[in-house]
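Peer 1: Below are the structure tokens for one structure; questions will follow.
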Amino acid sequence: MDQEKRQSIYLQAKQWVLEAGKTIRSRINDPLTISTKSNPNDLVTTMDDDTEYFFAKNIKQTYPDHLIISEEGYGDELESLDGTIWIIDPIDGTMNFVHQKRNFAISVGVYQDGIGEIGLIYDVMADVLYSAKRGEGAFKNQTRLPQLPEKSFHESILGLNHFWLCENSLVEEKVMQRLVKTVRGTRAYGSAALEFAGVAEGIIDGYMTMDIAPWDIAAGIVIVNEVGGKTTNAFGEQVNMLQKNPVLTCNPSIQTELIEDYMKKGKK
Ligand code: 2AM
Ligand code: CA
Ligand code: CA
Ligand code: CA
């Protein structure tokens, strides 16, 4: 994608993201219609639905040849990453949205033939927009984010949730326990997109998650890339944007140790 096309789609995407966020803020205290999906704690609301519909309708009207991968069903069923693809999570952190009325984000990535060109993560209630265009740096609102600094492993903070320490099918719990005792601390924000934004901002040094969909990570990958961060699956292989993956995004200075000494060693 050339710079001119990237800039024009970026401006449009940003306008829609800010508009969708404004609508959510204006309706934040309205009564919610909440349903469940795969299990009783997997929540979805009419706001997730309405927000995704807003994007899908606008994208299909404005760019009839663009494609959409998204969580709530208004996207396309894709078997390849060819073309210009919008990868959208209308509300990332729905449980936070329902229980906290904050700490959720709109996540929009635009990919061209599988390459991440644009990433937008909007922390709606804080009114903070993380953004990046491939090769042009990452920003928190108007401020450019610096390249990630050198970080030692034992001074790192990792974004991960308790599922890694419970019985699971991916990595030995003992190895994960050794990991959380070795690093400085752990955090769990409840929004994959905001965890990626946290890695890009350098307020956490890595984020790992067991089973995450393309719309959770598409924007984040572009933003983290632009500050020198690295994203792979949990075992160091390339992420497949057409399916769920266990994902690791981090400061490059802790990547090798994290993958080789923990993830691969503990792999079941
Ligand atoms: P969501 O709020 O858009 O569903 C919570 O730790 C993070 O994991 C959020 O980014 C959340 O996205 C995502 N998530 C929630 N339920 C999930 C599920 N069943 N499978 C995979 N990811 C999920
Ligand atoms: Ca969901
Ligand atoms: Ca999500
Ligand atoms: Ca969602």
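The values are calculated or read from the model by the stated rules, or taken from the named source; none is laboratory data. This structure is a prediction, so every number in the text was calculated from the model and none was measured. Here the Cβ positions follow ideal geometry from the backbone for every residue, glycine too, while neighbour counts run over all protein chains shown.
Peer 1: Give the residue, chosen from Asp65, Asp48, Asp76, Asp82, that is more than 16 Å from Pro214 (Cβ to Cβ), among the charged types (D, E, K, R) and either loosely packed, with under 14 Cβ neighbours inside 10 Å or away from ligand 3 (no atom under 16 Å from the Cβ) (or both). Let's see the steps before the verdict.
Peer 2: Working: Asp48 fails: either loosely packed, with under 14 Cβ neighbours inside 10 Å or away from ligand 3 (no atom under 16 Å from the Cβ) (or both); Asp76 fails: more than 16 Å from Pro214 (Cβ to Cβ); Asp82 fails: more than 16 Å from Pro214 (Cβ to Cβ).
Exactly one residue qualifies, and that residue is Asp65.
Peer 1: If you don't mind, there's one more thing I want to ask. Anything in the range 99-126 that is under 13 Å from the mean Cα position of the chain (by Cα) and farther than 12 Å from Leu194 by Cα? List them, or say none.
Peer 2: Those that are under 13 Å from the mean Cα position of the chain (by Cα) and farther than 12 Å from Leu194 by Cα: Val108, Gly109, Val110, Gly116, Ile118, Gly119.
Peer 1: Based on what the data block shows, is Asn96 within 16 Å of ligand 2 (Cβ to nearest atom), assigned to a loop (DSSP other than H, G, I, E, B) and surrounded by 16 or more Cβ atoms within 10 Å (Cβ to Cβ)?
Peer 2: Values: within 16 Å of ligand 2 (Cβ to nearest atom): yes; assigned to a loop (DSSP other than H, G, I, E, B): no; surrounded by 16 or more Cβ atoms within 10 Å (Cβ to Cβ): yes.
Taking the combined requirement at face value, the residue does not satisfy it.
Peer 1: In contact (Cβ under 8 Å) with a residue 60 or more places away in the chain and within 12 Å of ligand 4 (Cβ to nearest atom), is that true of Glu79?
Peer 2: Values: in contact (Cβ under 8 Å) with a residue 60 or more places away in the chain: yes; within 12 Å of ligand 4 (Cβ to nearest atom): no.
Here the answer is no, as Glu79 does not meet what is asked.
Peer 1: Exactly one of (1) farther than 18 Å from Ile9 by Cβ; (2) not in a loop (DSSP other than H, G, I, E, B) is unmet by Arg102. Its number?
Peer 2: It is condition (2) that Arg102 fails.
Peer 1: Separate question: Is there a residue in the range 13-23 that is hydroxyl-bearing (Ser, Thr, Tyr), modelled with pLDDT of 95 or more and within 16 Å of ligand 3 (Cβ to nearest atom)? Step through it out loud before you land on a result.
Peer 2: Taking the range 13-23 and keeping what is hydroxyl-bearing (Ser, Thr, Tyr), we get 23.
Narrowing the set further to residues that are modelled with pLDDT of 95 or more leaves 23.
Next, from what is left, pick out any that are within 16 Å of ligand 3 (Cβ to nearest atom): none.
No, the range 13-23 has no match at all.
Peer 1: Could you list all residues from the range 63-89 that are in contact with a helix residue (DSSP H, G or I) (Cβ under 6 Å, 6 or more places away or on another chain), assigned to a loop (DSSP other than H, G, I, E, B) and among the charged types (D, E, K, R)?
Peer 2: Within the range 63-89, Glu71, Glu72 meet the criteria.
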